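In what follows, a structure is listed as structure tokens, so that the remarks can point back to it.
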Amino acid sequence: MKFETYGNCFVCGENNPNGLRLSFEIDKQKQTLKTTFKASPTFQGWDNIVHGGIMQHIIRRGDGETSLRIRLSGGHASLEVKFKKPAPILEPLTVYGRDYRSQ
């Protein structure tokens, strides 16, 4: 199955006026990715804390980018997230990822 994008993805779509509009830096040699973002109050759950669902969307999109641009194969079948600490809004947050097979 071929997937096409028209820039409307909630996480990385440049044409989505309500989305996060993240771009991912990909290092194919190291098999890693990175993105940095600053969440506005629109994306908070508890006061001044990024909603956990938003964080999960970013993680899932990072996995998708890894699958499509590094592994060139399918994505994930399930996702389980255990948060270590709250992510504050209005502060730069950096998300890192790597292909688990490159360990």
Aspartates and glutamates within cross-link reach of Lys28: Cα-Cα under 20 Å, excluding same-chain residues under 8 positions apart?
Asp63, Glu65, Asp99
Give me the one-decimal nm value for the distance between modelled label points at Glu25 and Arg60, 7 Å along each residue's Cα-to-Cβ direction.
2.7 nm
Hey, for a label at Arg98 modelled as a point 7 Å past Cα toward Cβ, could you say which residues of segment 47-69 have their backbone N under 16 Å away?
63, 66-67
Probe 1.4 Å - accessible area at Leu22, Å² to nearest ten
10 Å²
What figure, in Å² to the nearest 10, do you get for the accessible area of Thr5 with a 1.4 Å probe and non-protein molecules left out?
110 Å²
Net length gained if the chain between Glu91 and Asn8 were fully extended (0.36 nm per residue, minus Cα distance)
27.4 nm
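The values are calculated or read from the model by the stated rules, or taken from the named source; none is laboratory data. Not measured: the values here are computed from a predicted model. So basically every Cβ, Gly included, is an ideal-geometry build from the backbone, and we count neighbours across all protein chains shown. Note: accessible area is taken over every heavy atom of the protein model, side chains too, but ligands, DNA and RNA are not part of it. Shrake-Rupley method; radii C 1.70, N 1.55, O 1.52, S 1.80 Å.
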